[in-house]
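Novice: Supplied in structure tokens, the structure appears directly below.
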Amino acid sequence: MPARHVEHVELSGHILDSLLLPKVLDAIVTRGATYAIQEFKVGTTQNDPSYARIEVRADGAAKLDAVLTEILSHGATPVHPADCATAVADRDGAFPDGFYCSTNFRTQVRLGGEWVEVEDQEMDCGIALDPAGRGARCLPMVAVKAGDKIVVGRAGIRVLPEDAAAKKHELFEFMTSAVSSEKPKGVSVREIAAAIRRTRAAGEKVLAVLGPAVVHTGGAALVAGLVRDGFVNVLFAGNALATHDIEQAFYGTSLGVSLEHGLPTDEGHEHHLRTINTIRRHGSIRAAVEAGRLTSGIMYECVTAKVPFVLAGSIRDDGPLPDVVTDSLAAQDAMRRLIPGVGFCLMVATTLHSIAVGNLLPAWVKVACVDISPATVTKLMDRGSTQTVGIVSDAEPFLRELDAALRRPAG
């Protein structure tokens, strides 16, 4: 029986070298539909966009809708778009059925015949219209309020995927894959240093997402220097990074192990708890700095340089420090408030925080992830943070090289 349900879509941009066109065609076929390419124009230079107009055919409305929903995330849009459809949320904390699920790619919705940019772009959210119906923004599920106008279906939505291949080429020209333990580390570090310099020159912020191995491996003083000298503008971490950083400042240890001698110290197993207790008695990390009790380390430099930080807690935290946000949803919101203006994100030695922050970042924020385990970067990319490139390295050696590269004259 011939397919009776038909839609015409179009793709434009770098649809060949970014593999968007093959992804769209594969999605159509694997979901049981067929296609015919009605128009195809290939750019004649590296900077010229290509264009494809495709007829999608399916033997049922539901199947066609499933195909169109899938290829929308790859940048395919209907040739004759309509305005987006909305439904009113009937309860707090839940979207209406059929809501549109956002990606981390730049997205537009059609309102009154005009394409409008969606603000606060983030994956795995819905899209809410403002009360006047003239603007749109990504909205997390838990933030939905009864009466919100939520975009539903796929009509009137345009996704503009980043040219991921080009972005990675610009950031790390030497890389042919996203992550490997066999890449030249020196070149990798120089490229990250150059990206940080470009971000600062553009007036954008550098976000660091750090795990406790930064302290355990002896890298805390290096990060403190980067914060002090303006190379890090926002910090996301957990209770452990801050606790062991302050423990080092108080006792010269991390988890009771001397960072100078590499050996456990007498009663060192108590140091992290005594550290937390001291800060809790002061009321906050800032209060401990202002009282002259905390005089060095990453957290000290953040306070003195007025670098904002979010410490997101976990169920295994001791204490925790009074600055730790123990409500995970509140921690997400605190991070969201600091992400606007971030142009580059450096993640070092933290799987859970890296994945969490990757879920919050729009696709145009470049990400470098450094971890001793290649699985961290792989997990990031599997969850949609395709703008990520990775370096397999322990924390302190990488940070030492990065510090040196940033302090050499650019050229």
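The values are calculated or read from the model by the stated rules, or taken from the named source; none is laboratory data. Note that the coordinates shown come from a computational prediction; the quantities given were computed from them, not determined experimentally. No Cβ is skipped: glycine too gets one built from the backbone with ideal geometry, and neighbour counts run over all protein chains shown. Accessible surface is based on the protein model in full, side chains and every heavy atom, while ligands, DNA and RNA are left aside. Shrake-Rupley method; radii C 1.70, N 1.55, O 1.52, S 1.80 Å.
Novice: Would you kindly derive the ³J(HN,Hα) couplings of region 241-258 from the backbone phi angles with the Karplus curve 6.51 cos²θ - 1.76 cosθ + 1.60 (θ = phi - 60°), listing them in order in whole Hz, with x for Gly and Pro?
Specialist: 4, 5, 4, 6, 5, 6, 4, 4, 5, 7, 10, x, 10, 9, 6, x, 9, 5
Novice: Expressed in nm to one decimal, what extension gain is obtained for the pair R336 and A404 from 0.36 nm per residue of sequence separation less their Cα-Cα distance? It would help to have the intermediate numbers written out before the result.
Specialist: Working: separation 68, 0.36 × 68 = 24.48 nm, distance 3.12 nm.
Residue separation times 0.36 nm, minus the Cα-Cα distance, leaves 21.4 nm.
Novice: Tell me, what is the percent relative contact order of the chain, built from C-alpha pairs under 8 Å that lie six or more residues apart?
Specialist: Reported relative contact order: 14 percent.
Novice: If we sort 21-33, 221-233 on the protection proxy, mean other Cβ atoms within 10 Å, highest first, what's the order?
Specialist: Details: 21-33: 17.8, 221-233: 20.2.
Ranked by mean Cβ neighbours within 10 Å, highest first: 221-233, 21-33.
Novice: At what distance in nm do the modelled label points of T265 and R134 sit from each other, each positioned 7 Å from its Cα along Cα→Cβ?
Specialist: 6.1 nm
Novice: Continuing with the same structure: Considering the values (1) 24.1, 81; (2) 25.3, 90; (3) 20.8, 60, which represents Rg and Dmax of the Cα atoms in Å as calculated for the structure under consideration?
Specialist: (1)
Novice: Let me ask something additional. Sort 100-106, 289-295, 74-80 by packing, meaning the average of other beta carbons within 10 Å per residue, with the highest value first.
Specialist: 100-106, 74-80, 289-295
Novice: Within region 380-397, list the residues whose amide N lies under 14 Å from a label point set 7 Å along Cα→Cβ of K185.
Specialist: 391-397
Novice: Using label points projected 7 Å from each Cα along Cα→Cβ, tell me how many nm separate D90 and S258, to one decimal.
Specialist: 6.8 nm
Novice: Moving on to the next point. Using only Cα atoms, locate the centre of region 110-131 and the centre of region 268-286, then give the distance between them in Å, rounded to an integer.
Specialist: Each part reduced to its Cα centre gives a spacing of 44 Å.
Novice: At 1.4 Å probe size, with the rest of the protein present, what percent of the exposed accessible area of region 244-322 is carbon and sulfur atoms?
Specialist: Answer for region 244-322 is 46 percent, counting heavy atoms of protein chains only.
Novice: Additional query: In nm, give the distance between the simple-model label positions of V42 and D382, each being 7 Å from the Cα along the Cα-to-Cβ direction.
Specialist: Roughly 3.6 nm, to one decimal.
Novice: Can you compute the label reach from H8? Point 7 Å from Cα along the Cβ direction, backbone N cut-off under 12 Å, restricted to region 55-89.
Specialist: Hits in region 55-89 for H8 at 12 Å: 55-56, 78-81.
Novice: Can you list the residues, at least 5 places off or on another chain, whose amide H is less than 5 Å from the amide H of H5, using H built in the peptide plane?
Specialist: Answer set, sorted by chain and number: A58, G60.
Novice: Right, here's the next one. Considering amide H positions built from the backbone, and no H for Pro or chain starts, which residues 5 or more places from L139, or on another chain, come under 5 Å of its amide H?
Specialist: So L139 has HN proximity to G126, I127, A128.
Novice: To the nearest 0.05, how large is the calculated FRET efficiency for D318 and A287 if R₀ is 22 Å and r is the Cβ-Cβ distance?
Specialist: Numbers: r = 20 Å, r/R0 = 0.90.
Result of the calculation: an efficiency of 0.65.
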